[in-house]
Amino acid sequence: MRGGTTATSTLALACAAQFIVLFDVSVITVALPSMQKELGFDPANLQWVVSSYALAFAGLLLLGGRLGDLYGHRRVFLIGLSVFVVAGTAGGLATSPALLIAARAAKGVGAAVLAPLALTMVTTTFPEGPRRTRALAIWTAVSLAGGASGNLFGGILTEYLSWRSVLLINVPIGIPLLLLAARLLKGRTAPARRVRLDLPGAVLATAGLALLTLGIAQARVHAWSDPATALPLTGGIVALAGFVAVEKWYAAQPLVPPGLLRLPGVGWGNVGMMLAGAGFHIPIWYFLTLTMQGVLHYSAAQTGLGFLPHTVVMLLVGLFLTPWLMRYVQARVLIAAGALTAAAGFLWQSGISPESSYLGGILGPAVVISFGGGLVSTPLTLTVTSGVGPTEAGAASGLVNTSRQFGGAFGLAVLLTLTTSGAPGPPAALMESYGNAFRAMAVILVLLAAITPLLPAQRHLTRKGQGAPAAGTEVPEGGERQKSAR
């Protein structure tokens with residue numbers, strides 16, 4: 001009984017941590033126009049309020065995931081959550097664009113520690129089989145709800161309080177989580193043997209991802225051959241090549257252990273996660289926010305409420321329908337079906353006009369996009385974490401989250417090259433510009449469906465009682481062994 005209670009409490013803590021991390025990605029988007037007006041942001045630089053968080057998040061996720069493996073989940077989790085709360089407070093008090101962007105980047109550092117540890121706590125507490133599938137379905141549904149509900153609450157907070165409240169709200173949420181984590185994670189101490197951390201790998205990974213995204217962002221206003229574009233792109237490629245060399249030949253404890261990439265679902269699964277991030281993650285919130293406020297002239301609160309269908313549909317599909325379907329349908333089939341469904345929704349979304357009603361312009365596409373997204377998330381997460389042992393669970397979780405977050409940040413930078421410079425303009429012209437972005441998201445999701453035959457063919461959950469746990473999936477670092485599902 002006690003083991004089951006501990007597992008449930010651990011799942012609740014992991015879900016809460018993941019919720020606030022993804023909530024913070026999306027809650028900021030509805031407040032962007034208010035931030036731009038009060039702090040005097042240049043339109044071309046507004047994206048860095050979102051991208052600074054996403055890039056710090058993506059670039060350090062590999063390091064954040066490995067820190068938990070090497071130094072103990074409890075200590076690293078508490079440090080990451082503390083940084084997250086303090087940086088959120090600093091952002092809420094920022095008085096200039098530079099200070100806000102810096103605070104958002106610092107908050108991304110804290111998130112880079114929290115997100116992989118949240119997933120690690122799930123995969124090391126529940127053995128492979130029906131129990132893990134159910135736990136991951138709950139974790140994924142909460143993740144989707146965090147991302148989607150951020151828009152809802154961001155609009156309400158911005159409208160009736162201030163854009164600063166969307167950053168300060170993490171203080172009353174984060175402090176109780178700190179107290180809960182300090183009590184619940186007592187058994188997850190550091191390993192007895194200390195190892196050297198792969199800091200060169202972390203620096204190169206972060207620099208590579210950030211420079212690539214910066215180069216793509218610069219291509220929006222400069223030619224591809226312009227040094228402002230070419231130098232960051234070249235530097236990013238060189239840094240990532242250096243990262244591969246460090247991981248292969250230098251690092252004593254690499255951020256990405258070589259054996260990890262040989263697992264059937266990890267390689268192509270993370271490519272799929274990157275494509276999913278570029279389609280479902282940051283770009284949809286960014287462009288839909290600008291569409292509702294710039295084209296349909298919704299207020300911040302109306303924009304937030306406009307995202308409610310995304311939250312409800314993704315939550316219901318991800319929590320109830322998808323786990324049931326996974327009893328009978330292969331994970332890669334569900335991923336393909338969900339990606340193609342969402343692609344159709346984005347094509348519908350691209351046809352919105354200033355005369356569109358909420359029913360046809362927002363609600364209809366939202367149901368189709370969110371239904372597809374709910375089908376994709378859990379099967380894809382299970383695919384990229386299946387077969388990973390407890391000593392590499394943090395690294396695998398970091399890689400999964402890196403793929404998703406970098407896909408979102410890099411995807412946003414690419415999609416922005418298809419739009420106008422960001423300056424205000426006639427609603428019809430803005431919608432044509434944003435329509436290009438929605439159509440490109442549809443193409444990205446078609447690519448995701450196209451690579452699904454390369455994913456391993458397996459049912460992670462077949463019939464009740466047929467989910468055998470993989471070897472080595474008991475709780476590490478002093479945690480209680482979890483029995484496999486009967």
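The values are calculated or read from the model by the stated rules, or taken from the named source; none is laboratory data. Keep in mind that this is a model prediction, so the values were computed, not measured. Ideal geometry is used to build each Cβ from the backbone, glycine not excepted, and the neighbour counts take in all protein chains shown. Surface areas here come from the heavy atoms of the whole protein model, side chains and all, with no ligands, DNA or RNA. Shrake-Rupley method; radii C 1.70, N 1.55, O 1.52, S 1.80 Å.
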So, for the Cα atoms of the stretch 279-372, Rg and Dmax in Å stand at 14.2, 45
Heavy-atom accessible surface of the stretch 57-170: percent carbon and sulfur, 1.4 Å: 75
Residue-count net charge about residue 47 - beta-carbon cut-off 14 Å; Lys, Arg +1, Asp, Glu -1: +1
For the stretch 153-278 the translational diffusion coefficient, Stokes-Einstein from a Kirkwood Rh over Cα pairs at 10 °C and viscosity 1.306 mPa s, in µm²/s, is roughly 84
Positive minus negative residues near residue 273 (Lys, Arg vs Asp, Glu; Cβ under 14 Å): +2
Beta carbons within 10 angstrom, averaged per residue: use that to sort the peptides 259-266, 211-218, highest first. 211-218, 259-266
Can you tell me the dipole magnitude for the chain around its Cα centre, using point charges on the Cβ only (Lys, Arg +1; Asp, Glu -1), in Debye to the nearest 20? 1740
So with the 1.4 Å probe, I'd like the accessible area per residue for the chain, rounded to whole Å². 37
Normalise the Cα radius of gyration of the stretch 256-300 by 2.2 N^0.38 Å (N = residues in it) and let me know the number. 1.86
Leaving ligands, DNA and RNA out of it, report the carbon-plus-sulfur percent of the accessible area of the stretch 223-265 at a 1.4 Å probe. 72
Cα pair distances of the stretch 201-342 binned at 10 Å [whole percent]: 10, 23, 27, 28, 11, 1
Rg to Rh, two decimals, where the stretch 80-169 supplies the alpha carbon set and Rh follows Kirkwood: 1.09
The Cα radius of gyration of the stretch 37-187, divided by 2.2 N^0.38 Å with N its residue count, comes to 1.12
Give the Cα extents of the chain along the principal axes, in whole Å, largest first. 61, 44, 43
Å³ per residue of the Cα convex hull, for the stretch 1-92? 105
